[in-house]
Amino acid sequence: MCFLLVLILALNFRPSEAAPGFVLCSTTKIDSVPRCYEALRIAVHRDIRLLTGECCRAVYATLPVTCFLQLTSELALPMTSFRNICDAVKPPAL
């Protein structure tokens, strides 16, 4: 009984190695498009007037999909959020 209790406590307080890490996106492609980074920053607040097709292409070219884009020193959002915004505003051409 005591062994079972110790095992449960050990598993609760030990972080899992399988948990995904917090990976920041490379912003090389986004930075190459004028005003794209600013457009993404304000698109989070539902202001999409600066978002262009070229900016959305840069968002889709940023890999990996599971990375986080650092918007401010305190805020980083997953790249999938920005891809969803681009899908709603500028659907990808087939």
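The values are calculated or read from the model by the stated rules, or taken from the named source; none is laboratory data. Predicted model only: the values in this text are computed from it and were never measured. Neighbour counts run over all protein chains shown; Cβ positions are idealised from the backbone, glycine included.
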> Which residue pairs have Cβ atoms closer than 7 Å, lie 6 or more positions apart in sequence or on different chains, and pair a first residue in region 48-62 that is of a type outside the set (Asp, Glu) with a second residue that is surrounded by fewer than 16 Cβ atoms within 10 Å (Cβ to Cβ) and not in a helix (DSSP H, G or I)?
Replying inline: LEU50/ARG35; ALA58/SER32; TYR60/PRO92; THR62/SER26
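Name the single residue that is farthest from the chain's Cα centre (by Cα) among those in region 51-71 being among the β-branched types (Val, Ile, Thr) and farther than 13 Å from ALA39 by Cα. Spell out the reasoning first.
Here is the first cut: in region 51-71, the residues among the β-branched types (Val, Ile, Thr) are 52, 59, 62, 65-66.
Going one step further and asking which of them are farther than 13 Å from ALA39 by Cα, we end up with 62, 65-66.
Details: THR62: 10, VAL65: 7, THR66: 6 Å.
The selected residue is THR62.
Only one residue in SER81, SER73 is among the polar types (S, T, N, Q) and at pLDDT 90 or above. Which one? Working first, answer last.
Numbers: SER73 fails: at pLDDT 90 or above.
Criteria check complete, one pass: SER81.
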